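First the structure, then my questions, so here it is.
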Amino acid sequence: MFQTPLSGLGDPAAFTPPQRTLSDAFSGAWANFVKSGMPAPHDAWPPFDPKAGNVEVFTPTGVSQRTDFATDHRCGLWSSLALR
């Protein structure tokens, strides 16, 4: 599924080095999750805490934990729309 060419979306063979890094990190996290139930080694990816709002963010420069995701992505706006 991951790193498979998809017509109109992308071809992993044509990824730039940063795109390859992002793809490898994301697909690696999914593979680890499937194998062990954990997307990363123990304690490397803490459980989500609703009060902290901590999430893992994947970017071409690496994976990091952030607590400003909801603000940065304006989740309050989307929640207020009560879309169903």
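Can you give me the number of residues within the stretch 1-19 that are surrounded by 14 or more Cβ atoms within 10 Å (Cβ to Cβ) and in a helix (DSSP H, G or I)?
The number of residues fulfilling the criteria is 1.
Moving on to the next point. Kindly list, by first and then second residue, each pair from a residue in the stretch 60-78 that is touching a residue at least 24 places away in the same chain (Cβ under 8 Å) and surrounded by fewer than 11 Cβ atoms within 10 Å (Cβ to Cβ) to a residue that is part of a loop (DSSP other than H, G, I, E, B) and polar (S, T, N, Q), limited to pairs with Cβ atoms under 9 Å and residues at least 6 apart or on different chains.
Within 9 Å, no pair qualifies.
May I pose another question? Return yes when Ala82 is of a type in the set (A, V, I, L, M), in a loop (DSSP other than H, G, I, E, B) and within 16 Å of the chain's Cα centre (by Cα) and no when it is not.
no
Take Gly28 and decide whether it is surrounded by 13 or more Cβ atoms within 10 Å (Cβ to Cβ), in a helix (DSSP H, G or I) and not acidic (Asp, Glu).
So Gly28 fits the description; yes.
Six or more apart or on different chains, Cβ under 9 Å: which pairs go from a residue in the stretch 5-20 that's among the polar types (S, T, N, Q) to one that's part of a helix (DSSP H, G or I) and surrounded by 11 or more Cβ atoms within 10 Å (Cβ to Cβ)? Could you list them?
From residues that are among the polar types (S, T, N, Q), the pairs are Gln19/Pro12.
Coordinate-derived values only; no laboratory data. Keep in mind the model is a prediction, meaning the values are calculated, not measured. Note that each Cβ is placed from the backbone with ideal geometry, even for glycine, and that neighbours are counted across all protein chains shown.
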